[in-house]
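Beneath this line is the structure, given in structure tokens, with notes to follow.
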Amino acid sequence: MDMNLDEILRAELARLEAADLRRAVRVPAEKAINFASNDYLGLAMHPALIEASREATAAHGTGAGASRLVTGTSRDVLALEEEIAAWKEKKAALVFGSGYAAALGTIPALVGRGDTVVLDKLSHASLIDAARLSGATVRVVPHNHTDQLDKLLGKLNRGEGRVLLVTESLFSMDGDVAPLAEWVAAKERHGAWLLVDEAHATGLYGKSGAGLVAGAGLSGRVEIVMGTLSKALGSVGGYIAGSRTLIDWLVNRARSFIYSTALPPGVIAASRAAIVLAQNAEGAALRDKLRVNIALFRENLPAPWESHVNGAIQPLLCGESAAALRVAHALRERGFLIPAIRYPTVARNSARLRVTLSAAHETDQIRALLAALGEAKAGVTASA
């Protein structure tokens with residue numbers, strides 16, 4: 001059997017190409033208006049974050065030098081964790097290199113063979129991969145169907161292992177919100193634990209921007225809150241917030257924490273500056289501006305698309321991958337960056353444009369995008 005690596009991979013890539021599923025890393029056109037970023041509050045270019053990062057880098061260098069358990073823990077990262085915990089209404093927090101690393105470290109540290117992880121069907125790939133990596137039995141419930149969740153939990157024998165429920169609070173590709181109160185009630189009825197990924201809600205919801213869990217008054221009833229510093233907070237990294245005991249356990253058992261170099265000083269400083277901003281009057285004003293931008297987009301979206309969610313993530317379904325690619329290309333030619341999202345990121349025949357709105361977008365930019373969408377809809381039908 002011919003095992004030439006490149007030949008085998010070229011054949012596989014050709015199959016992806018034929019199915020309109022091949023991806024490539026491209027540098028966006030310099031003049032393109034970015035409607036694909038998760039920088040929902042526009043903090044990635046905020047002067048306070050840039051200056052905090054610059055000062056920390058000048059003082060401490062560009063890298064942490066080692067993992068957190070070797071030499072990579074500083075007073076600044078401990079302060080960041082304390083600030084995250086207080087913001088999330090938890091006793092403690094632990095910072096990871098990314099949200100993906102937080103998931104891969106946490107779930108296998110909590111459950112394993114003989115246990116069960118129950119996931120919402122649309123949970124992020126990091127949560128799915130972490131559940132599989134754990135060795136626990138993985139069960140999936142239909143998206144946001146808490147009656148199915150309750151039925152499944154009723155069938156599980158709680159004497160045969162731990163049960164961990166996992167969901168996002170705001171779903172990354174559909175932009176809708178989980179029925180968190182119902183998930184909490186179900187896990188309490190059946191003696192399970194609950195992990196909620198607040199990646200796309202942090203900074204945007206609740207009085208102080210802490211997210212949907214805190215905004216719903218559920219912080220004390222959700223054992224594990226996961227999130228990221230790399231979206232609305234404009235920096236990079238992930239975190240887990242929970243009890244002091246949980247965090248102590250992860251320090252000892254979360255492999256993606258133990259064996260990864262710590263985040264650099266500039267990133268830690270920028271993240272701390274972002275958390276301050278998210279909670280003050282400027283953060284509240286940015287959330288207000290984002291809500292205005294969302295309303296403008298939703299109220300003027302051209303047919304055949306319809307907006308079904310009131311949030312920064314606006315999925316515009318196109319159906320087949322080829323149709324999504326055509327619209328994305330047409331928009332790129334008009335100066336807008338909105339990549340086509342295709343299988344396996346979303347289900348087959350549900351390819352879409354994922355428009356993400358930011359407080360940094362100006363009214364004329366959104367109106368120009370709406371006009372371009374009206375011109376670039378060839379091949380898209382209302383039934384997509």
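Dipole orientation for region 251-325: of the candidates N310, G283, V251, V251 has the Cα lying most toward the positive pole (charges on Cβ; Lys, Arg +1; Asp, Glu -1). Is region 286-348 best put as rounded, prolate or oblate by its Cα gyration tensor, with a ≥ b ≥ c the root eigenvalues, rounded for a/c under 1.5, and otherwise prolate when a/b is larger than b/c, oblate when not? Prolate, since a/c reaches 1.5 and a/b exceeds b/c. The portion of the accessible surface of the chain made up by carbon and sulfur, rounded to a whole percent, is 53 (1.4 Å probe; DNA, RNA and ligands excluded). Taking all Cα pairs closer than 8 Å and separated by 6 or more residues, the relative contact order of region 31-179 comes to 17 percent. Loop-resident GluC sites (Glu not before Pro) (DSSP state other than H, G, I, E or B) in region 14-58 with no more than 16 further Cβ atoms inside 10 Å of their Cβ: E30. Taking the charge dipole of region 1-122 about its Cα centre, with +1 at Lys and Arg Cβ atoms and -1 at Asp and Glu Cβ atoms, the residue from S98, G63, L16 reaching farthest to the positive side is S98.
In terms of accessible area, using a 1.4 Å probe and ignoring ligands and nucleic acids, Y100, Y239, Y205 rank largest first as Y100, Y205, Y239. Over the chain, accessible surface divided per residue gives 47 Å², non-protein components excluded, 1.4 Å probe. Largest GNM mean-square fluctuation across G374, G319, G175, computed for the chain with C-alpha springs under 10 Å, falls on G374.
What you get for region 1-159, charging only the Cβ of Lys and Arg (+1) and of Asp and Glu (-1), is a dipole of about 500 debye around the Cα centre.
With an a/c value under 1.5 for the gyration tensor axes a ≥ b ≥ c computed over the alpha-carbon atoms, the chain is described as rounded. Counting only residues at least eight positions apart within a chain, or on another chain, the lysines with an alpha carbon under 30 Å from that of K31 are K231, K289, K377.
Under the definition of Cα pairs under 8 Å and six or more residues apart, what whole-number percent is the relative contact order of region 222-362?
Details: 157 pairs, mean separation 24.5, N = 141.
Here the relative contact order equals 17 percent.
Every Cα-Cα pair of region 1-88 was included, and the share exceeding 18 Å stands at 73 percent. In a simple Cβ point-charge model (Lys, Arg +1; Asp, Glu -1; nothing else charged), the chain has a dipole of about 420 debye relative to its Cα centre. With helices as the sole contributors, the chain gives -13000 deg cm²/dmol at 222 nm; each DSSP H run of n ≥ 4 counts as -39500 (n - 2.57), and the sum is divided by every residue.
Test of the criteria: in region 237-321, which GluC sites (Glu not before Pro) are in a DSSP loop and have at most 11 other Cβ atoms within 10 angstrom of their Cβ?
Sparse-neighbourhood loop GluC sites (Glu not before Pro): E306.
Springs between Cα atoms under 10 Å define the GNM used for the chain, and in it the highest mean-square fluctuation of K88, K121, K231 occurs at K121. Rounded to the nearest 20, the size of the Cβ-charge dipole of region 270-321 about its Cα centre is 260 debye, with Lys and Arg at +1 and Asp and Glu at -1.
Pairs of Cα atoms nearer than 8 Å and 6+ residues apart set the relative contact order; for the chain it is 23 percent.
Rounded, prolate or oblate, given the Cα gyration tensor of region 23-132, with a/c below 1.5 counting as rounded? Oblate, because a/c is 1.5 or more while a/b does not exceed b/c. Based on alpha-carbon centroids, what's the gap between region 96-119 and region 194-237 in Å, whole number please? Measuring centre to centre over Cα atoms gives 18 Å. Counting only DSSP beta bridges with both residues in the chain, the antiparallel share comes to about 50 percent.
Largest GNM mean-square fluctuation across V355, V25, V140, computed for the chain with C-alpha springs under 10 Å, falls on V25.
Residues in region 169-181 carry Karplus couplings, in order, of 8, 10, 7, 6, 10, 10, x, 8, 10, 6, x, 4, 4 Hz; the curve used is 6.51 cos²θ - 1.76 cosθ + 1.60 with θ = phi - 60°, and Gly or Pro positions show x. Loop-resident trypsin sites (Lys or Arg not before Pro) (DSSP state other than H, G, I, E or B) in region 296-352 with no more than 16 further Cβ atoms inside 10 Å of their Cβ: R334, R348.
The values are calculated or read from the model by the stated rules, or taken from the named source; none is laboratory data. Fair warning: this is a prediction, and the values are worked out from it, not measured in the lab. Cβ sites come from the backbone with ideal geometry, for glycine too, and all protein chains shown count toward neighbours. Surface areas here come from the heavy atoms of the whole protein model, side chains and all, with no ligands, DNA or RNA. Shrake-Rupley method; radii C 1.70, N 1.55, O 1.52, S 1.80 Å.
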